[in-house]
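Here the structure is laid out as structure tokens; the discussion comes afterwards.
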């Protein structure tokens with residue numbers, strides 16, 4: 001394994017240690033900077049992966065990867081709209 005590959009692997013391991021794949025609603029809100037009510041709404045509509053545990057307490061659990069994907073969508077959509085504008089004006 002090359003030193004570069006080791007660095008990439010170490011970064012991926014560190015990311016998983018620091019931010020777990022599945023997070024409580026408090027962790028997800030702090031990580032994503034999205035309010036708890038909004039996270040629940042996004043999970044209810046299927047825009048992000050999240051579910052309410054059947055433990056009697058009703059704890060919510062959210063998937064970090066789906067939050068990351070949700071957060072990156074607006075940027076991708078903005079880039080497409082920006083490119084269409086540039087195409088129209090000849091840029």
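The values are calculated or read from the model by the stated rules, or taken from the named source; none is laboratory data. This is a predicted model, so every value here is computed, not measured. Here the Cβ is made from the backbone with ideal geometry for all residues, glycine too, and neighbour counts use every protein chain on show.
Going through the stretch 36-52 one residue at a time, which ones are touching a strand residue (DSSP E or B) at 6+ places or on another chain (Cβ under 7 Å) and within 14 Å of residue 26 (Cβ to Cβ)? Listed by number, the residues that qualify are 39, 40, 50.
The conditions of being more than 17 Å from the chain's Cα centre (by Cα) and surrounded by 13 or more Cβ atoms within 10 Å (Cβ to Cβ) are met by residue 52.
Would you check if there is a residue in the stretch 2-23 being touching a strand residue (DSSP E or B) at 6+ places or on another chain (Cβ under 9 Å) and modelled with pLDDT of 90 or more?
Filtering the stretch 2-23 down to residues touching a strand residue (DSSP E or B) at 6+ places or on another chain (Cβ under 9 Å) leaves 21-23.
Add one more test, that the residue is modelled with pLDDT of 90 or more, and what stays is 22-23.
Yes, because at least one residue in the stretch 2-23 is touching a strand residue (DSSP E or B) at 6+ places or on another chain (Cβ under 9 Å) and modelled with pLDDT of 90 or more.
Of all the residues in the stretch 53-73, those that are touching a strand residue (DSSP E or B) at 6+ places or on another chain (Cβ under 8 Å) and part of a loop (DSSP other than H, G, I, E, B) number 3. Checking the structure you have, find out if any residue of the stretch 31-46 is in a helix (DSSP H, G or I), touching a residue at least 40 places away in the same chain (Cβ under 8 Å) and surrounded by 15 or more Cβ atoms within 10 Å (Cβ to Cβ). Within the stretch 31-46, not a single residue is in a helix (DSSP H, G or I), touching a residue at least 40 places away in the same chain (Cβ under 8 Å) and surrounded by 15 or more Cβ atoms within 10 Å (Cβ to Cβ).
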